[in-house]
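Down below is the structure, laid out as structure tokens.
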Amino acid sequence: MEAIYILIAVLVLLNIWVIRVYIRLCKRLPPVSKEDAEYYDENGNHIYYDRKLIARLEREKQENESQKQQQGQ
């Protein structure tokens, strides 16, 4: 029974240590450079990799605007 308590304590301490290391590493990451920022739109989507998502969002936006105009007439 004592071995189980020791194992649980070690696992809890290990989890706490991993979380602390992760947080420290995240804080040390360099900020996004201006060069990298050029590849992202105002919504945080990558211009190249998320181009299908961006196109779909634009289509939906235009459809919503056209529906609002039709309802307003």
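The values are calculated or read from the model by the stated rules, or taken from the named source; none is laboratory data. What you are looking at is a predicted structure, and each value in this text was computed from that prediction instead of being measured. When we count neighbours, we look across all protein chains shown, and the Cβ atoms used for this are built from the backbone with ideal geometry, even at glycine. For the accessible areas, the whole protein counts, side chains as well, though only heavy atoms, and no ligand, DNA or RNA atoms are used. Shrake-Rupley method; radii C 1.70, N 1.55, O 1.52, S 1.80 Å.
Run down ILE54, ILE6 and say which single residue is among the β-branched types (Val, Ile, Thr), open to solvent by 80 Å² or more (accessible area, probe 1.4 Å) and part of a helix (DSSP H, G or I).
Only one candidate qualifies: ILE6.
When only residues in the stretch 9-47 that are more than 17 Å from the chain's Cα centre (by Cα) and under 30 Å from LYS61 (Cβ atoms) count, which is most open to solvent (accessible area, probe 1.4 Å)?
Top of the filtered list is LYS34.
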